[in-house]
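Taking it in order: structure first as C-alpha cells, then the write-up.
The values are calculated or read from the model by the stated rules, or taken from the named source; none is laboratory data. Please read all numbers here as calculations on a predicted model, not as lab measurements. Virtual Cβ from ideal backbone geometry, glycine too; neighbours counted across all protein chains shown. The accessibility values were calculated without ligands, DNA or RNA, using every heavy atom of the protein model including side chains. Shrake-Rupley method; radii C 1.70, N 1.55, O 1.52, S 1.80 Å.
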Amino acid sequence: MRRGVETVAAGRTPRPYGIFTSFVAFDRADPAQLAGALERVRPDVLLDLAAFQPAHVRAVVEAFQGDRYVLVSTAGVYPDLPGRAAREEDLPPPEGPVPDGPLSYRDGKRWCEALLARGSGLPWVAIRPPAVLGADDPTLRIAAYLRRLEDGGPLLVPAESYERPAPLAWVRDVGYACALACDLRREASGPYNVAFDPLSLRDLLEAAGRALGRPPRLVPVPWAELPEGASPYGPDPRRPAGYDLSRSRRELGFEPSPLADALPETLAWYLARRPSHPGYAGRPRELELAARRSGPA
C-alpha cells in the first residue's frame, strides 16, 4: 500500500477493512464464489494463502485473468534430503493424473504446484516457507520452547539435528517475500525458498534464553526417543538441513532478517499472552527422560 498498490483482502467472514483498501467475503472452496469475486475485483495479482488442494488451484486457473498468481506453498513439499540444504529444483514433479480426492497438506501443496507447472498457461510463483516463527502463531510451537526455558528445566532436542540448520522462517520475512513476488516490476516465476539464513535449533534456544535471562540446558536425545511435543520444530533428521536461498536472493531480491530482529516481537507476544503448547502436558516424562541421560550439553 505504501507503494501505491490497491490491496484487497478476502476471506470467508466479512471483516472491517482494517489495514487493507477493502475486503471481499467469499468461500474460495466454492469455484462459483471464487469466480464471482475475481470477476468483481479483477485483480492484477492474486496472492493465495489458503489453497492446499489441487481443486483450489484448478478453480484459479479457470477463473483468474490477471498477470500473476502467487501461491503460498510450503517447504514441506521437499522429499527427504537428510543433512543438506534444499534447492527449488530438488522437488521432483509428481507423475500421473492429478488426484481428485482430499490430500494431506504436504501432498496437496505438492500437487498444487504440479498443476501450475504442467502447462497451466497461468503466470505463477510459489513461495515455499518452512515452519513460521512469530507472534500470534496458532501452532504455539515457539511457545513450547519459551515455556520450557522459563521453567528452568532441561530441554530435550534431537541429537542428530539440533546443531544443523533448522526449517524456520520469520513471519514478517514470509510476508516480505510474498510482497516481492507480487511486484510485477520483477521478473519472477516458479518456486522460491524463504527461510532464515542457516539457523540451528541450538542457536534459536540460546538466543531466546539470553533474552529471557534463562540459559538453556539442552539434553540431546535420539530423534526416535523424543516424546511427542517435546521439540515441535524438530528438526527431523530425515528432512533437509535448511534451504538454499540463492534463487530467492537473485530473482526476488529477498534477504532474510537476522534472528535478533525476529525475537523481540515474538517474546513480547509470549510474555503478554502466556500461551502454552499442548505438548507441555508431557513435561514430567521429559524431565524423567532427561534425568536418565548424561548431563546437559
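If you go through the range 65-86 and keep only what is part of a loop (DSSP other than H, G, I, E, B) and of a type outside the set (V, I, T), you end up with Q65, G66, D67, S73, Y78, P79, D80, L81, G83, R84, A85.
Selection of first residues in the range 278-292 that are open to solvent by less than 80 Å² (accessible area, probe 1.4 Å) and of second residues that are basic (K, R), restricted to Cβ pairs under 7 Å at least 6 apart or on distinct chains, gives the following pairs, ordered by first then second residue: Y280/R147. Is there a residue in the range 244-261 that is open to solvent by 60 Å² or more (accessible area, probe 1.4 Å), farther than 30 Å from A117 by Cβ and not in a helix (DSSP H, G or I)? Yes, the range 244-261 has at least one match. The number of residues in the range 177-197 that are under 19 Å from the mean Cα position of the chain (by Cα) and touching a residue at least 24 places away in the same chain (Cβ under 8 Å) comes to 13. Scanning the range 110-161 for residues that are closer than 30 Å to R247 by Cα and among the charged types (D, E, K, R), we see that the one that is surrounded by the most Cβ atoms within 10 Å (Cβ to Cβ) is R128. Selection of the range 1-10 for residues being open to solvent by less than 100 Å² (accessible area, probe 1.4 Å) and either part of a loop (DSSP other than H, G, I, E, B) or in contact with a Pro (Cβ under 8 Å, 6 or more places away or on another chain) (or both) yields G4, V5, T7, V8. Looking at the range 42-62, can you tell me whether even one residue there is among the small types (G, A, S) and under 20 Å from S22 (Cα atoms)? Yes: one or more hits. Taking the listed residues P215, P227, the one that is free of Cβ contacts under 8 Å to residues at least 24 places away in the same chain, outside any helix (DSSP H, G or I) and more than 19 Å from the chain's Cα centre (by Cα) is P215, with no other qualifying.
Just one of the numbered conditions (1) open to solvent by 40 Å² or more (accessible area, probe 1.4 Å); (2) more than 24 Å from R3 (Cα to Cα); (3) polar (S, T, N, Q) is not true of S189: (2).
Listed by position, the strands (runs of 3 or more DSSP E) contained in the range 87-175 that have at least 3 residues being farther than 26 Å from Y270 by Cα and in contact with a Gly (Cβ under 8 Å, 6 or more places away or on another chain) are 124-128. None of P198, P232, P215, P264 is within 16 Å of L146 (Cα to Cα), open to solvent by 60 Å² or more (accessible area, probe 1.4 Å) and touching a Gly at 6+ places or on another chain (Cβ under 7 Å) except P215. For the range 11-64, taking the residues that are surrounded by fewer than 16 Cβ atoms within 10 Å (Cβ to Cβ) and assigned to a strand (DSSP E or B), the one that is modelled with the lowest pLDDT is identified as S22.
Against the numbered list (1) under 25 Å from F196 (Cβ atoms); (2) more than 19 Å from the chain's Cα centre (by Cα), R274 comes up short only at (1).
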